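Reviewing the structure listed below.
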Amino acid sequence: MGHAKPGRLPLVTYVLAAGVFLMGTSEFIVAGILPEIGADLGTSVAQTGLMITVFAIGMIVGTPAMAALTLRLSRRLALGLSLMVFSVGHVIVALADDYGIVLAARFLTALATGGFWAVAAVVAAQTAGTAMSARAVGVVLGGGMVANVLGVPLGSFTGQAIGWRGPFWALAVLAFLGAFAVYQLIPRDAVGARPPSLAAELVALRDVRVLLVLACCAVVTGSALTVYSFVSPLITEVAGLPNTAVPVVLVAYGVGAAVGSYLGGRIGDRHPFRLLFGSAAATLVVLVALVFSSSVAVPAVVLLTLLGLFGMSTNPVLIGKAVGYARDAPTLASAMCTSMFNVGTAAGTWIAGFAIESPLAANGPVVVGAVIAVLYFVPLGLLARRADR
């Protein structure tokens, strides 16, 4: 698995980004069709939001577990199997009428997603080389951001037009085909390469810098994705826009997130802590502004776009830092980043579920996101001090 030529990312980076696109679409496609799913399955909006929470919990548990279980598999086999399990999980959701089965299938899908993301980030970082690792991870994570631009809004539109199960069938078929493509295009592991050591991977997690990066991962996604997960009621009930506007707003957020992920990867290679602190401050300002202006449609949409831009710009830098600090044992460090991203999502959406049923109503998730954003500066400040030493 050779490194790219100077200044150019290898083709495998974009293949992995396509897989992440499918998985990013799956995780948050529910956000745009909450009312449709709830009406069909007989659940409330808050209960239906658990489809996102359960997915996040599955990634919290599944990412490090699957990374450990597949550590000695070839990386292309691990990635191909993840896509196959992902496909099966979507078939189950598309066929199920019982909400408990739907949640169980979402959990299964999340296990596969976590395994894919952990290995994909390591492959991207290592094939690109140290100087471009954050950029490569940014491109791979950008697949998830493009999912917010195209996959989630298109799924929302399709789900509203032909029924919410349609997008799940489409994801199942695409993942099935993608499994074969990934297996064929990912290079074989080098002959005679030393098998990864689980013990070495676990030791790498004891580095305080890695632990601080993981804390940052949890908080940064808890602030932005808590709001994103409940964007549908925010737009329709608070801003007063029709349901048909939800896919458009999702596109706006996704464009911001895609640009943020790309620029974050490029800038973060040169000025990582300037990027991290600047984006953290901007995210907090955007959320506070959204608390007070979400009832006015145009400012609300603009602020949600900026939330995607700033809220998602730090992720490639954080993963790049974790992989770098872990040195020769990066797989679990990368896996734990993905896991902690979803700790933030799960905790944020769970708390937001209570907030949305409080007097704050649909604006509750925004308040929750703003409070979480304040906490980001604690681990980030400690990480910066540790790095200076």
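The values are calculated or read from the model by the stated rules, or taken from the named source; none is laboratory data. These figures come from a predicted structure and were not determined experimentally. Methodologically, a virtual Cβ is constructed for each residue, glycine included, from the backbone with ideal geometry; neighbour enumeration extends over all protein chains shown. Surface accessibility is based on the protein's heavy atoms, side chains included, excluding ligands, DNA and RNA. Shrake-Rupley method; radii C 1.70, N 1.55, O 1.52, S 1.80 Å.
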Exercise for review: Take the residues in the stretch 221-236 that are among the hydroxyl-bearing types (Ser, Thr, Tyr) and either open to solvent by 10 Å² or more (accessible area, probe 1.4 Å) or closer than 13 Å to residue 284 by Cβ (or both), then tell me which one is nearest to the chain's Cα centre (by Cα).
Suggested key: 223
Point to revise | Search result, residues across the stretch 301-330 that are among the small types (Gly, Ala, Ser), surrounded by 24 or more Cβ atoms within 10 Å (Cβ to Cβ) and more than 13 Å from the chain's Cα centre (by Cα) | key: 320, 322, 326
Review point. Taking residue 65, is it in a helix (DSSP H, G or I), touching a residue at least 12 places away in the same chain (Cβ under 8 Å) and surrounded by 18 or more Cβ atoms within 10 Å (Cβ to Cβ)?
Key: no
Practice item. Would you confirm whether any residue within the stretch 360-376 is in a helix (DSSP H, G or I) and of a type in the set (Phe, Trp, Tyr)? Key: no
Exercise for review: Give the residue that is modelled with the lowest pLDDT, with candidates limited to residues of the stretch 44-100 that are closer than 18 Å to residue 33 by Cα and in contact with a Phe, Trp or Tyr (Cβ under 6 Å, 6 or more places away or on another chain).
Suggested key: 53
Review point. List pairs: first in the stretch 121-150 and basic (Lys, Arg), second surrounded by fewer than 24 Cβ atoms within 10 Å (Cβ to Cβ) and at pLDDT 75 or above, Cβ under 6 Å, 6+ apart or cross-chain?
Key: 135/266
Exercise for review: Just one of (1) of a type outside the set (D, E, K, R); (2) under 25 Å from residue 332 (Cβ atoms); (3) open to solvent by 10 Å² or more (accessible area, probe 1.4 Å) trips up residue 56, so point out which.
Suggested key: (3)
Revision key, fill the gap. Among residues of the stretch 202-213 being open to solvent by 10 Å² or more (accessible area, probe 1.4 Å) and part of a helix (DSSP H, G or I), the residue modelled with the highest pLDDT is 212
Study note, to complete from the structure: Only one of 39, 78, 31, 67 is farther than 16 Å from residue 119 by Cα, touching a Ser or Thr at 6+ places or on another chain (Cβ under 7 Å) and of a type outside the set (S, T, N, Q), namely 31
**Study point:** Single residue of 181, 175, 118, 136 found to be open to solvent by 10 Å² or more (accessible area, probe 1.4 Å) and small (Gly, Ala, Ser)
**Key:** 181
Practice item. Starting from residues that are open to solvent by less than 40 Å² (accessible area, probe 1.4 Å) and over 19 Å from the mean Cα position of the chain (by Cα), keep the ones in the stretch 331-357 and report whichever is nearest to residue 66 (Cα to Cα). Key: 353
Review point. Which of the residues belonging to the stretch 264-300 are open to solvent by 40 Å² or more (accessible area, probe 1.4 Å) and either over 15 Å from residue 373 (Cα atoms) or basic (Lys, Arg) (or both)?
Key: 266, 267, 269, 270, 271, 273, 274, 292, 295, 296, 298, 299
